[in-house]
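The values are calculated or read from the model by the stated rules, or taken from the named source; none is laboratory data. A quick note: this is a predicted structure, and the numbers were derived from the prediction, not measured. Every residue, glycine as well, gets a Cβ built from its backbone with ideal geometry; the counts of neighbours run over all protein chains shown. Calculation scope for accessible area: heavy atoms of the full protein, side chains included, ligands and nucleic acids excluded. Shrake-Rupley method; radii C 1.70, N 1.55, O 1.52, S 1.80 Å.
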Amino acid sequence: MASSSRNNKKYDVFVSFRGEDTRDNFSSHLYSALSRQHIQTFIDDQLNRGDEISESLVNAIEASAISVIVFSEGYASSRWCLDELVKIIECKKEYAQIVILVFYRVDPSDVRNQTGSFGNSFSKLEERFKENSKKLQTWRNALKEAATLSGFPSQNIRLESKLINEIANDNKNQLVGVESRVEEIESLLGAQSKDVYALGIWGIGGIGKTTIARATFDKISSDFEGSCFLENVREESQKPGGLACLRQKLLSNLLKDKNVSLAIGLNFRRLSRMKVLIVFDDVTCFSQLESIIGSLDCLTPVSRIIITSRNKQVLRNWGVRKIYEMEALEYHHAVELFSRHAFKQNHPDVGYEKFSSKVMKYAQGVPLALKVLGCFLYEREKEVWESAINKLQRILHPSILEEKNIFLDVACFFQGEDVNLVMKFHNASGFYPEIGISVLVDKSLIAIGSYNQIRMHDLLQELGREIVRQESINPGNRSRLWHHEDIYEVLTYNTGTEKIEGICLDMSKVKEFRLNPNTFTKMPKLRFLKFYSPSFNGENKCKMSYLQDPGFAEVKYLHWHGYPLKSLPSNLSAEKLV
């Protein structure tokens, strides 16, 4: 129930540091720099600490918008510091807290792997806690997870004063960036409205919908008698009994009653007398909201609802008053995000400015593309940068549309498959794969392995899939579907369109679902259909009574474990199948 009861943020920044290493120098100077920026900062000045992290310190971490972790040589020798770290990582996951790392005279890889002088410090702690292997593993996991985040390595910036100013400015920019959007959300929430007011936050995956919704929730939840932030509605609803669990959590949090009665009608009558704030995060269909809360009629006027979704139509169907669109990152924010992953700082290294500018051109402000590219190019030579940018240009601006189609088919469906099968499939699809695949190999976009398997670098595969994601925010309007959540949504709610050319579903990742008989008639361009399970046991998760014609007319590849009907569709052309 913590997520429903947290008050407004008390602090802007919490600083976690090893006192013996940095209290009288770096950390105190950082605190002063943050204070000069009018950033409310919590820094623990206690010289004597007990064995356990205090409750007041836990509360301070939870009550902060940003945590700054100063990894120094002796950080890992302190149980207190590591317990703080575990709590910060927990807040990052649970509350979308922003985490900024400073590697003060230590190497990020030493923190990640507990090696070098940093590892020596951790070894001392291991000796003291060798009987508590579970605790040690928790600390190791937290160090490994934290060190994969972007941060400020002190060796990259020689002047300590310059490093401190950059960190302070980054904290200010993070706060301002979030706060400005939160203020926009607040202004749209209809403060003057006397009715129940619902607001939608819409945008592509990974663009920050949850972060902004969480920050808004944290800021205003104390103004309501009851509040609840329901995270990952899409994911949770797919679990057995998931929607019932979400409804139970909603009622428990709003009514502040862990043992809330299962008499739903009684509980919603209680709610009708309360001013509440509810956030439904990552909603994919109208029926999810309907199952969890029924309708807005059960809520008292002046209650507020926030819904985040990738699908604008879901928000319209629910009748939201306003839709706030999360846009792609502006250029300078995109450069910052990319630089944090590629250079572990907020700006490109000297000599890499032009390379970074070209990456910005092709990534087009999409956070996922910026992160993937940044991680791939971290500590790479300039030759690798040039090669990667050339490949990006070829992917996003192919000279022949056919090459692009083959490339995207491989990225979405054929990684690791026999090249002869891929050739047959694309021949049957009306392409000229002998030329297309040869060109892709020449451009180093794909490779043919020793066992005649088509291979593609993970980075290129992720970028190919990102191109498909960018075709539409609605999965039913994309050319290729491979992610089980997207496919489950399209098939369960029958939202497919003529845009869909291929579907590849791992059925072990979804629960049982029912197909509408006209599902495939809405996909006349479907060429590739694969319903499979890595460990198929004869179970049929896809339920249907019959299939309407027309459908399957263009299908060239058909792979369906547990096909539920006694005959194939009448207009399936068997001679076209490969």
At 20 °C and 1.002 mPa s, what whole-number value in µm²/s does Stokes-Einstein give for the translational diffusion of region 92-190, with Rh from the Kirkwood sum over Cα pairs? 133 µm²/s
If you line up the long axis of helix 79-95 against the longest principal axis of the chain, both from Cα atoms, how many degrees apart are they, to the nearest 10? 40 degrees
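With 20 Å as the cut-off, how large is the P(r) tail for region 394-466, expressed as percent of Cα-Cα pairs?
Roughly 17 percent, rounded to a whole number.
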In terms of solvent-accessible area of protein heavy atoms at a 1.4 angstrom probe, what is the ranking of 225, 231, highest value first? 225, 231
Over the chain, give the accessible area per residue in Å² for a 1.4 Å probe, as an integer. 45 Å²
Against the longest principal axis of the chain, how steep is helix 433-442, in degrees 0 to 90 to the nearest 10, with axes from Cα atoms? 30 degrees
Leaving ligands, DNA and RNA out of it, work out the accessible area of residue 246 with a 1.4 Å probe and give it in Å² to the nearest 10. 10 Å²
Give me the Kirkwood hydrodynamic radius of region 184-325, using the inverse of the mean 1/r over all pairs of distinct Cα atoms, in Å to one decimal. 15.1 Å
On C-alpha positions alone, give me the angle between the axis of helix 367-377 and the longest principal axis of the chain, in degrees, nearest 10. 80 degrees
Ordering 462, 512 from largest to smallest accessible area (1.4 angstrom probe), what's the sequence? 512, 462
Sorted by accessible area with a 1.4 angstrom probe, largest first, how do 357, 64, 570, 450 fall? 450, 570, 357, 64
Which log10 I(q)/I(0) values, to two decimals, does the chain give at q = 0.07, 0.08 Å⁻¹ under the Debye formula with one point per Cα? -0.51, -0.67
For region 472-577, state the semi-axes of the equivalent ellipsoid (square roots of 5 times the eigenvalues of the alpha-carbon gyration tensor), sorted largest first and rounded to whole angstrom. 18, 18, 13
Residue-level accessible surface for residue 549, protein heavy atoms, 1.4 Å, Å²: 90 Å²
Would you mind calculating the relative contact order of the chain from Cα pairs under 8 angstrom and at least 6 residues apart, reporting the percent as a whole number? 9 percent
Region 11-169: mean projected area of Cα convex hull, nm²: 8.7 nm²
Just to be sure I understand the model, the point goes 7 Å from the Cα along the line to the Cβ. What's the resulting residue 169 to residue 193 distance in nm? 4.0 nm
Would you work out the relative contact order for region 331-386, in percent, from Cα pairs under 8 angstrom that are 6 or more residues apart? 41 percent
Within the chain, what percent of beta bridges assigned by DSSP are antiparallel, to the nearest 5? 5 percent
Over the chain, with every protein chain in place, what whole percent of the accessible area is carbon and sulfur at 1.4 Å, could you tell me? 47 percent
When the Cα atoms of region 283-404 are enclosed in a convex hull and the volume is divided per residue, what value in Å³ results? 166 Å³
